[in-house]
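In what follows, a structure is listed as structure tokens, so that the remarks can point back to it.
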Amino acid sequence: MLNCSYNLGMRHLGAYIPEYPVGTAEELADKIAEFVPIARTILGVKDLKIISFGPRPQDFFACNAPIKGLYELGVEIEENSELDLLVSYKAHANDPRIADVCADMAAEMGEGKYYPDLLARMAQFELTLLDWADAHKGSKKYVAFADKCWPAFPSQFGFEPCYVNSRLVSRGIPVSCEVDIYGALSEYIGMCVTGDTVTLLDIN
């Protein structure tokens, strides 16, 4: 271990060394399995791009996100206005894929548990975000969103985006409210560690 640590130090390489790094083959195999979520998280964060829409709402101090720390982690950030999102949303009107997304939403919620007039709007918004992610992720493999969803959103889009956000999270694309960029990163890290969907309740 001393030789290993010295070699790593000379090469300025950070390494994860368990508290008890010596054991049988079976014991060390378990240690490797324990390291998988750590490695998955480190690699995932380095390949993440967070896309935000809108400014941080007044008094949501916890949502303040200096971006220098994000870049130090390898996370790329793209900040956009709510107007950018609205323009893209309107450009998706009458998208031929909307009908299929509506059918999927209806099947997911169950008959009698949704408002038919809202499905098309929500499907249009879902396609807007997915297309934006594909067009803007650049060299990164993964995307998370941090969106402002009030007070202007419901009056301009005609619905609240919570359901669409939850559908994206189930696909491995975290979406945080109130432009909570660090919250989106926290959700993403939680997904990498657990391999499951994560929800962060934004309580101010």
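Values quoted throughout were computed directly from the atomic coordinates according to the rules given, and no laboratory measurement underlies them. Keep in mind the model is a prediction, meaning the values are calculated, not measured. With ideal geometry, Cβ positions are generated from the backbone for all residues, glycine too; neighbour counts draw on all protein chains shown.
From most to least packed by mean Cβ count within 10 Å, the peptides 38-51, 4-17 give 38-51, 4-17.
Exposed loop positions in the chain were taken to be GluC sites (Glu not before Pro) whose DSSP state is not H, G, I, E or B and which have at most 15 other beta-carbon atoms within 10 angstrom. Between these positions, the longest stretch is 112-204. The structure shown yields mean projected area of the Cα convex hull in nm², and of the options [x] 10.9; [y] 13.7; [z] 15.3 that calculated value carries the label [z].
I'd like to know which of 142, 127, 106 lies farthest towards the positive end of the charge dipole of the range 82-159, counting +1 on Cβ of Lys and Arg and -1 on Cβ of Asp and Glu. Checking the options against the dipole of the range 82-159, the answer is 142. Pairs over the 22 Å Cα-Cα cut-off, from the set 46/137; 46/68; 68/141; 31/141: 31/141.
Calculate, for residue 16 and residue 186, the FRET efficiency according to 1/(1 + (r/R0)^6) with r their C-beta to C-beta distance and R0 22 Å; round to the nearest 0.05. Please list the in-between numbers first.
Working: r = 21 Å, r/R0 = 0.96.
After rounding, the FRET efficiency stands at 0.55.
Helix check for the chain. Which DSSP H runs span at least 15 Å along their own axis by Cα, with a mean Kyte-Doolittle hydropathy no less than -1.0? Before the final figure, lay out the partial values.
Details: long enough: 25-46 (31 Å, 0.48); 98-109 (16 Å, 0.98); 116-136 (31 Å, 0.12); 181-194 (20 Å, 1.06).
Counting only whole DSSP H runs, the qualifying helices are 25-46, 98-109, 116-136, 181-194.
Fully extending the segment from residue 68 to residue 90 would add 4.6 nm, taking 0.36 nm per residue of separation and subtracting the current Cα-Cα distance.
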